[in-house]
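Okay, so here's the structure we're looking at.
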Amino acid sequence: MALIRPDGAPPAFGFPAMPEAVARIPRELAFTHDILPLNIVEGILVVALPDPDDADVLDVLRAATRLRVRALPMEREAIRDHLRRAYGEAAPVLRAAGRDAPAVRMLDQILARAIAAHASDIHLEPRSGGSGQVRMRVDGVLRPLESVPGDLFAAVSSRLKLLAGMNIADRRQPQDGRCAIPSKAREIDARVSSVPTVDGEKLVVRLLDRYGAMPDLGRLGMPPAMLERYRAAARAPWGCVVVAGPTGSGKTTTLYASLAELDVASRNVCSVEDPIEMRVAGVTQVQVNPRAGLTFPTVLRAFMRQDPNVVMVGEMRDRETAAVAVAAALAGQTVFTTLHANDAPRTIERLVELGAARHALAGALTAIVAQRLVRTLCERCRVREAVPERVRATLDSAPEGWFVARGCRACSGTGYVGRTGVYELIDVDDATRDAIAGGASSVQVAHAARAAGFRPLIADGLAKVFGGITSFDEIVRVVAWSGL
Ligand SMILES: [Zn+2]
């Protein structure tokens, strides 16, 4: 008998867990807080808890089930044992249980609207006074989604936290969690993080559509001549391809599109990522998990023992990773990786800061891309305007007019629909290689690369402005512009 203190409960409250009680408590709630449903007697839900006086857990249980709750004490290990029998071993997935509670409905609605709008992130921000604001990031820009009144905001946040396997009782420590959201065609993976703020706990959800359509390298916005040179480097049997840019600049999408073009049937393609944003058919993908000892360097070294041809390293952010990746490229593998750097020439300096030797870099690097994502103008409402004189004065040659954003129903009043990339590429040739090995500065590397066709980001940005694809305002917002 696992009950350590029966607490005077009648025998009807005992084992086994009654199916009607199990049906009332979502499995993620039960597993997250070690709640064992036992029975429902005269409208009272009877459960076993490690601490039957835990007010937070009891509150959530009442909110989720809309039943009065009676809790009995039981050892945590015993509860977990019984839970596995009652619910089975399946991975936690957001379920429809308790759907009538207002907080549950509100959260479902927020998630559904964000997914429908193809949002990449959802922000649940507390306001002073207890209410909250929900915003979503669409095409790289935050926009309001919903205002949530005070009494509901805390309940919506708690619901999200428990779905994501976070400790709802703790609002003072940053936490992270994850869950799967069933959507129309497939499951969306959600990464949830919390930060305690002066106004309360702020939650951010990152939405990952892992089984969405694979990006097509030819349709990411790379200019045709640049694309041709990039593809040649990406398909080379050895060498390191680096894609640089800040967070949210589409670097990983470029790498996935590059992998998707490889002949995976005849090559061993391995990838270590944090997080895995998409599943790529035929590619061995490993998720970084430091708690389990899976770091970028350990996984990368393990790959090296498995006869690789192509290795993708989600991000180069430490010395060891950079060292193994550069060594692999020199040893005859193709390495794809991303790096936080503002532009392609400065990537060399970043890699040197990470401990890479210049002569090794010169030998290993085949292509360096830097990129940003800019919103593309809504073709239904964009307006043609004369290019202002102050801009024309700074450019060698500029057309008379360009398009600006206006906003209509089709684009939710933003003036933009979707995004495209803005790129620069250093196609590493002998002259650039010599410059890198010889200790050249970023400016000198850029100069050496010009002969092989290197043009800075702003050049591609302006080409897209004058082509009517995006606006000058958008380029100024996303790409540093010192011409004004
Ligand atoms: Zn429009």
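Since every read-out is calculated from the coordinates, none of them should be taken as a lab result. Please read these numbers as outputs of a predicted model, since none were measured by experiment. All Cβ positions, even for glycine, are placed from backbone atoms using ideal geometry, and neighbour counts span all protein chains on display.
Quick look at the numbers
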read-out: For region 11-87: relative contact order, % (alpha-carbon pairs under 8 angstrom, 6 or more apart); value: 31 percent
read-out: Over the chain, relative contact order from alpha-carbon pairs under 8 Å, at least 6 apart, %; value: 10 percent
read-out: Of all DSSP beta bridges in the chain, antiparallel share, percent nearest 5; value: 65 percent
read-out: Listed residues SER128, GLY177, LEU208: farthest to the positive end of the dipole of region 102-208 (Cβ charges); value: LEU208
read-out: Length-normalised contact order for region 342-483 - Cα pairs under 8 Å, 6+ apart - percent; value: 32 percent
read-out: Axial C-alpha extent at least 18 Å, average Kyte-Doolittle at least -1.0 - helices from the chain (DSSP); value: 102-116, 150-163
read-out: Percent antiparallel among DSSP beta bridges (both partners in region 11-87, rounded to 5); value: 45 percent
read-out: Sorted by Cβ neighbour density within 10 Å, fewest at the top, the residues THR334, THR284; value: THR284, THR334
read-out: Cβ-based exposure ranking for MET226, MET278, in which fewest neighbours within 10 Å come first; value: MET226, MET278
read-out: Sequence-distant residues sharing a close amide H with ASN39 (under 5 Å, placed H); value: MET18, VAL46
read-out: Anisotropy class of region 424-484 from Cα gyration tensor, a/c 1.5 cut; value: prolate
read-out: Spherically averaged projected area in nm², based on the convex hull that wraps the Cα atoms of region 11-87; value: 4.3 nm²
read-out: Theoretical ellipticity at 222 nm over the chain - DSSP helices of four or more residues, -39500 (n - 2.57) apiece, nearest 500; value: -9500 deg cm²/dmol
read-out: Bridge type composition, region 217-478 - antiparallel percent by DSSP, nearest 5; value: 40 percent
read-out: Residue order, fewest to most surrounding Cβ atoms within 10 angstrom, among HIS33, HIS82, HIS359; value: HIS359, HIS82, HIS33
read-out: Inter-centroid distance (Cα atoms) of region 442-457 relative to region 150-179, Å; value: 49 Å
read-out: Cα-centred dipole magnitude for region 325-378, charges only on beta-carbon of K, R (+1) and D, E (-1), debye, nearest 20; value: 160 debye
read-out: Zero-based 10 Å bins, Cα pair distances in the chain, whole percents; value: 4, 17, 22, 22, 17, 11, 5, 2, 0
